[in-house]
2 protein chains.
Amino acid sequence: MATQRILDFFATRRPEGPCLVVDLDVVRDNYLGFARAMPDTRIFYAVKANPAPEILSLLADLGSSFDTASVPEIEMALTAGATPDRISYGNTIKKERDIARAYALGVDLFAVDSIAEVEKIARAAPGVRVFCRILTDGKGAEWPLSRKFGCSVVMAEEVLMRAHVLGLKAYGVSFHVGSQQTRFKSWDEALKQAAQIFRSLGERGIALSMVNLGGGFPARYLKPVPGVRNYAQAIRTSLGKHFGNAIPETIIEPGRGMVGDAGAIKAEVVLVAKKDESDRHRWVYLDIGKFGGLAETLEEAIRYPILTDRDGDEKAPCVIAGPTCDSADVLYEKTAYDLPVTLTVGDEVLIDKAGAYTTTYASVAFNGFAPLKSYVI
Amino acid sequence: MATQRILDFFATRRPEGPCLVVDLDVVRDNYLGFARAMPDTRIFYAVKANPAPEILSLLADLGSSFDTASVPEIEMALTAGATPDRISYGNTIKKERDIARAYALGVDLFAVDSIAEVEKIARAAPGVRVFCRILTDGKGAEWPLSRKFGCSVVMAEEVLMRAHVLGLKAYGVSFHVGSQQTRFKSWDEALKQAAQIFRSLGERGIALSMVNLGGGFPARYLKPVPGVRNYAQAIRTSLGKHFGNAIPETIIEPGRGMVGDAGAIKAEVVLVAKKDESDRHRWVYLDIGKFGGLAETLEEAIRYPILTDRDGDEKAPCVIAGPTCDSADVLYEKTAYDLPVTLTVGDEVLIDKAGAYTTTYASVAFNGFAPLKSYVI
């Protein structure tokens, strides 16, 4: 449920058009929750989740480090007050000139998952630390990962050895268990693979230091999810099991888990209609859709809580769609969404837990609609 | 194949980063092609396909009318020199205050597909012309439409009668056969339904005037498609068959068919890698992806021709992905794409026929990447 501060903002400011409001108090609570639950783990906030300057500044002040996907994100983290040693260039797909720019800005920690990327880094950022991302199967995640990132364990060993040979510091292993991961076993399986790489490289005289546990810590949307303390406990157990008493340095990269539940979007019902009198479901059209910031409804992956002023009334399933002339701009159809039968044109709705992956995903001007506005309070 | 003017632009200007270049000569040829093939049909360019001011100005000068999805698109068409009588507010999902703004700007033609929308228009834009969109099944289209737009024939009759009762001008019927439609029969089926509505309303003393044939005229991507003259002939035949000698006024709304083949995107190969030595396919990562303008690769719907300087070399299938840290940012995977085996990091590629639905779809700043740049020459 959105915080009172967010509700008050909407009630008093009455901003025109769809907009996101993020409550910094929640972001602070989330950061401190991670820090308390995993005191020995460095937190690298995934800037891509929401790069609002106020969020980055708050987290920089709290001592967070930053996982970045591009040179502009590195620059945003620096502007927010992070020193370069607190920035990871976590994208495994980088242009050589962007690697050089990051190096010039002082960044010293880079993600890789291929020999070709190692070679670029060796040329453009000599001597820096690299960690290699391994593939996971994403089982149990709500937004499972494709095979786009990471490589096999065997190849990861080759990649890190190549880094070593080229004068880079083979620093560690990373993985990502998939977004909204609620299955502890996924971390255990990935940590087992990471430990195998540590041993294998160790036998060849290369001492790895770090395991990047990635993100995937779930935000609560409609279903309850285990809290961060449960994850911390499960991860601690797995680290002990697979690394014995040589526990590596660890880092995490929460994005959604840091800001997802800190924001809510106010939207408006533009139309409620049926296609034929005999239709079972109404169509409810909002002034925000897939191309206005709710890209994570693709394949109905993320199911946001939607709150209305009529939630006490009887509810019935409906299809929810966005305002553009694009027929793919439908949010929930395969699994219809229960909304009050009294919902009507002009009603405001609150799309809750929408602090992550909304503002920056919005299209720049599709159908002439402006990108999602954002306020941080 | 991209025009020599586009190739020359890339060769001499060497713009940094991914960008689209649109050749106005091709847009002009396409407009004149439609005008010649369908001399009795008014052309309403679908502004959402590409709202670049130079394109809108050219089309306004050539005499085109404009199909718009929002008040900003109406304003862009007016700025380009279109008079309000040449503008249709073609989105069936409109806020009442946007209807009022359009009315204040002089727009007199509105799309509807529900009673609720008719009631909004009657309040905010009294006396204007409305046309009702009917559902089609989208069979034969490469980017088939959902049920998001349109209503049943029975409901369309009610919607238009309601418009009449509320003092609006019940003006006609529209449909959209689905994008990249290559099946003439789809137009025939829709025209049969439209004629039924004309007869039914006529029996109740309401004389409809216009059939909006929508868009869907295909641009040629990889496979050859029938030319616009073939469509014109098929539509003419169907109009005669269903409307006899009371042929209605007709309009078309080409978007992709007007600008799709007029533009090409230059992109760069950022990484070529395998996940394991045993992998069958390489992954080729470009500096543009789903969130940088190629949203129409969703579900691999649109398959762009991709040209390289190494196209004489042996080719092999690969997976093509974008540059963001989003694992959904994969362009072609289910059906792998043949590219030269010699393709390597730093190579430029040309994504052809990319003039439609690219620039405005691009996300505003996802992963910190800037939206797709665009040049019109």
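The values are calculated or read from the model by the stated rules, or taken from the named source; none is laboratory data. Quick caveat, the model's predicted, so the values are computed rather than measured. Glycine gets a Cβ as well: all are built from the backbone with ideal geometry, and neighbour counts include every protein chain shown.
Here are a few things to note about the model shown:
- Breaking point among (1) out of contact with any helix residue (DSSP H, G or I) (no Cβ under 7 Å at 6 or more places or on another chain); (2) within 18 Å of residue B:256 (Cβ to Cβ), for residue B:12: (2)
- Odd one out for residue A:43, checked against (1) over 19 Å from residue B:366 (Cα atoms); (2) within 14 Å of another protein chain (Cβ to nearest Cβ); (3) of a type outside the set (Asp, Glu); (4) assigned to a strand (DSSP E or B): (2)
- Sole exception among (1) within 28 Å of residue B:168 (Cβ to Cβ); (2) surrounded by fewer than 20 Cβ atoms within 10 Å (Cβ to Cβ); (3) within 14 Å of chain A (Cβ to nearest Cβ) for residue B:95, by number: (2)
- Exactly one residue out of B:105, B:135, B:78 is modelled with pLDDT under 95 and aliphatic (A, V, I, L, M), and it is B:135.
- Matching residues, segment B:344-375, being among the aliphatic types (A, V, I, L, M), within 12 Å of chain A (Cβ to nearest Cβ) and farther than 24 Å from residue B:257 by Cβ: B:345, B:364, B:365, B:370
- Members of segment B:309-349 found to be touching a residue at least 40 places away in the same chain (Cβ under 8 Å), closer than 23 Å to residue A:360 by Cβ and in contact with a strand residue (DSSP E or B) (Cβ under 7 Å, 6 or more places away or on another chain), listed by number: B:323, B:329, B:330, B:331
- Output for segment B:10-34, where each listed residue is touching a residue at least 12 places away in the same chain (Cβ under 8 Å) and either farther than 30 Å from residue B:287 by Cβ or among the hydroxyl-bearing types (Ser, Thr, Tyr) (or both): B:28, B:31, B:32, B:33, B:34
- Scanning segment A:271-308 for residues that are of a type in the set (Lys, Arg), in contact (Cβ under 8 Å) with a residue 12 or more places away in the chain and touching a Cys at 6+ places or on another chain (Cβ under 6 Å) returns a single hit, A:282.
- Filter result (at pLDDT 95 or above, among the hydroxyl-bearing types (Ser, Thr, Tyr) and assigned to a strand (DSSP E or B)) within segment A:337-370: A:337
- Selection count where residues are within 12 Å of chain A (Cβ to nearest Cβ) and either crowded, with 17+ Cβ neighbours inside 10 Å or under 27 Å from residue A:214 (Cα atoms) (or both), scope segment B:300-331: 14
- Residue in segment A:86-141 that is farthest from residue A:198 (Cα to Cα), counting only those that are free of Cβ contacts under 8 Å to residues at least 24 places away in the same chain and of a type in the set (Phe, Trp, Tyr): A:89
- Only listed residue being surrounded by fewer than 24 Cβ atoms within 10 Å (Cβ to Cβ), in a strand (DSSP E or B) and either in contact (Cβ under 8 Å) with a residue 60 or more places away in the chain or among the aliphatic types (A, V, I, L, M) (or both), chosen from A:251, A:235, A:247: A:251
- Leading residue by the ranking (modelled with the lowest pLDDT) among those in segment B:208-232 that are buried (at least 20 other Cβ atoms within 10 Å of the Cβ) and in contact with a strand residue (DSSP E or B) (Cβ under 7 Å, 6 or more places away or on another chain): B:216
- Every residue from segment B:105-135 that is within 10 Å of another protein chain (Cβ to nearest Cβ) and of a type outside the set (A, V, I, L, M, F, W, C): B:113, B:114, B:117, B:119, B:120
- Of the criteria (1) more than 7 Å from chain A (Cβ to nearest Cβ); (2) part of a loop (DSSP other than H, G, I, E, B); (3) not hydroxyl-bearing (Ser, Thr, Tyr), which one residue B:334 fails: (2)
- Scanning segment B:270-293 for residues that are of a type in the set (A, V, I, L, M, F, W, C) and in contact with a Ser or Thr (Cβ under 7 Å, 6 or more places away or on another chain) gives B:271, B:272, B:273, B:291.
- Within segment B:64-84, the set of residues being free of Cβ contacts under 8 Å to residues at least 24 places away in the same chain and more than 9 Å from chain A (Cβ to nearest Cβ) comprises B:66, B:83.
- In segment B:253-295, the residue that is nearest to the chain's Cα centre (by Cα) out of those that are at the interface with chain A (Cβ under 9 Å from one of its Cβ atoms) and among the acidic types (Asp, Glu) is B:287.
- Qualifying residue in segment B:176-192 (condition: within 12 Å of chain A (Cβ to nearest Cβ) and touching a Lys or Arg at 6+ places or on another chain (Cβ under 6 Å)): no
- Residue within segment B:120-141 that is within 25 Å of the chain's Cα centre (by Cα), aromatic (Phe, Trp, Tyr) and surrounded by fewer than 19 Cβ atoms within 10 Å (Cβ to Cβ) present: no
- Among the candidates A:66, A:9, A:34, residue that is under 14 Å from the mean Cα position of the chain (by Cα), under 24 Å from residue A:361 (Cβ atoms) and not in a loop (DSSP other than H, G, I, E, B): A:66
- Evaluation of residue A:170 against (1) crowded, with 22+ Cβ neighbours inside 10 Å; (2) more than 26 Å from residue A:115 (Cα to Cα) (one fails), failing number: (2)
- If the condition is being under 29 Å from residue A:181 (Cβ atoms) and of a type in the set (Val, Ile, Thr), then segment A:289-348 contributes A:297, A:302, A:306, A:319, A:320, A:330, A:335.
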